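Report on the following structure.
The values are calculated or read from the model by the stated rules, or taken from the named source; none is laboratory data. Note that the structure is a prediction, hence the values are computed from the model and not measured. All Cβ positions, even for glycine, are placed from backbone atoms using ideal geometry, and neighbour counts span all protein chains on display.
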Amino acid sequence: GILEGCDILAVKRGRWIFDLDPEFTIRKGDILLLEGTREGIEALRGVRVETPPPGEEIKREVKKLRNYLLTLKSISELMVDLAYTAVLLWNKTIAKEIERLEEEVDKLHLEYETYVISALSGIEDSRSIVTLLRLGVSAENIADAAYKMAELVKMGVEPHPIFEEAIERSEETIVKLRVQPWSPAVGLKLYELSLEEETGMKIVAIKRGNLWIYDPKPSIRLGERDLIIAVGPPAGVEAAIKLIGAVEE
């Protein structure tokens, strides 16, 4: 499309619209706040490019709001993956990590709400502010739900058999993969594996001896006997086992 290579940060249509979903339709007369190279933006057909006047802060504010939301979304999704893992493995160490992440989300959400109110206080249409606040609340609600699951593990309340059956029937599965000494993945960095791209399976944690590594960075190297906790489609499990050279436990 004509917007290839450009990111739309916000659209002004009478009021500024920040929560743009993939189905959002651009209309004639819309003012787009774009991020990209000057050449890429000027290549847009039928779009007049205007350089924001010096001192305009809206681009910085939108980027900061976006970063807040992306961070909240990323942490809350990680918490859900870890919560399912904690319940299925009945692991109190993972449950404790979820508790720490929940405190982090609470703090981040408060910072986000404070910034939304202060940064957008001059906007006439309050609906934009309400929408952004609701997005933050949604992320925290997801984190709270994950925390409640982890609390069951900490309290020693065993999951109902229906829970395990529901997990088995879900679109995603959680597996434990043990890296073998002969594995071709030993010594490779996670990004070199391209595991998620090739199989759809995402590594949410690695246990190395007694040490748990949560949400491992792409630069982490796999070692012999590492225990990988991966989440993804059931169809990707066998492909992940072959790619890593691991044994499912």
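Brief remarks follow.
- Of the helices (runs of 4 or more DSSP H) entirely within segment 144-249, those holding at least 2 residues that are at pLDDT 90 or above and not small (Gly, Ala, Ser) occupy 190-193, 195-199, 237-244.
- Residue in segment 86-113 that is nearest to Tyr147 (Cα to Cα), counting only those that are assigned to a helix (DSSP H, G or I) and modelled with pLDDT under 85: Val87
- Evaluated against (1) closer than 28 Å to Arg66 by Cβ; (2) surrounded by 15 or more Cβ atoms within 10 Å (Cβ to Cβ); (3) among the aromatic types (Phe, Trp, Tyr), Tyr191 falls short on exactly one condition, (2).
- Total residues in segment 208-220, condition over 14 Å from the mean Cα position of the chain (by Cα) and farther than 19 Å from Leu243 by Cβ: 6
Residue-by-condition table, conditions (1) at pLDDT 80 or above; (2) more than 30 Å from Ala230 (Cα to Cα):
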| position | (1), (2) |
| --- | --- |
| Asp21 | no, no |
| Ile41 | no, yes |
| Gly46 | no, yes |
| Tyr68 | yes, no |
| Lys73 | yes, no |
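- Looking only at residues in segment 114-141 that are among the hydroxyl-bearing types (Ser, Thr, Tyr) and part of a helix (DSSP H, G or I), the one that is modelled with the lowest pLDDT is Ser128.
- Check on Ala83, at pLDDT 85 or above, in contact with a Lys or Arg (Cβ under 6 Å, 6 or more places away or on another chain), not assigned by TED's automatic domain parsing to the domain that holds Val175 and not charged (D, E, K, R): no
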